[in-house]
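Some notes on the structure that comes next.
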């Protein structure tokens, strides 16, 4: 995967906060929320992805952090690529940044499915 997407400093700093050194902790899901926001400020959540480790199916004595990190990178790049072929993303690009914004929210904790 070689995606040439420029970093937005605000997004980079928020993602860095969400993905701290302990982000692979057991029982704490890592979530990615994709949403569409209008120029009026209305937001519609399109998708929520939740990633976590199931403690019963993992061996805590084996250190696989490097492998998980690499696979997580591929997964996130895939998610970014897939999200850009959704009808909502195409609509947001067609209408322009003045009308629609396509947003990604990265956080740790229980996923919020209420807005789907």
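Filtering region 54-103 down to residues that are in contact with a strand residue (DSSP E or B) (Cβ under 8 Å, 6 or more places away or on another chain) and not in a helix (DSSP H, G or I), which residue is nearest to residue 34 (Cα to Cα)?
103
Confirm whether residue 85 is modelled with pLDDT of 75 or more and more than 12 Å from the chain's Cα centre (by Cα).
When the stated conditions are applied, residue 85 passes them.
Take the residues of region 10-43 that are modelled with pLDDT of 75 or more and either under 20 Å from residue 81 (Cα atoms) or crowded, with 16+ Cβ neighbours inside 10 Å (or both): which is farthest from the chain's Cα centre (by Cα)?
Taking the candidates together, the pick is 37.
Looking at region 42-53 only, could you name the residues that are assigned to a loop (DSSP other than H, G, I, E, B) and closer than 18 Å to residue 114 by Cα?
The one that is assigned to a loop (DSSP other than H, G, I, E, B) and closer than 18 Å to residue 114 by Cα: 42.
Which numbered condition in (1) loosely packed, with under 11 Cβ neighbours inside 10 Å; (2) on the phi > 0 side of the Ramachandran plot; (3) in contact (Cβ under 8 Å) with a residue 60 or more places away in the chain is the only one that residue 109 fails?
Going through the list (1) loosely packed, with under 11 Cβ neighbours inside 10 Å; (2) on the phi > 0 side of the Ramachandran plot; (3) in contact (Cβ under 8 Å) with a residue 60 or more places away in the chain, residue 109 breaks only (1).
The values are calculated or read from the model by the stated rules, or taken from the named source; none is laboratory data. What you are looking at is a predicted structure, and each value in this text was computed from that prediction instead of being measured. Please note: Cβ atoms are built from the backbone with ideal geometry, for glycine as well, and neighbour counts cover all protein chains shown.
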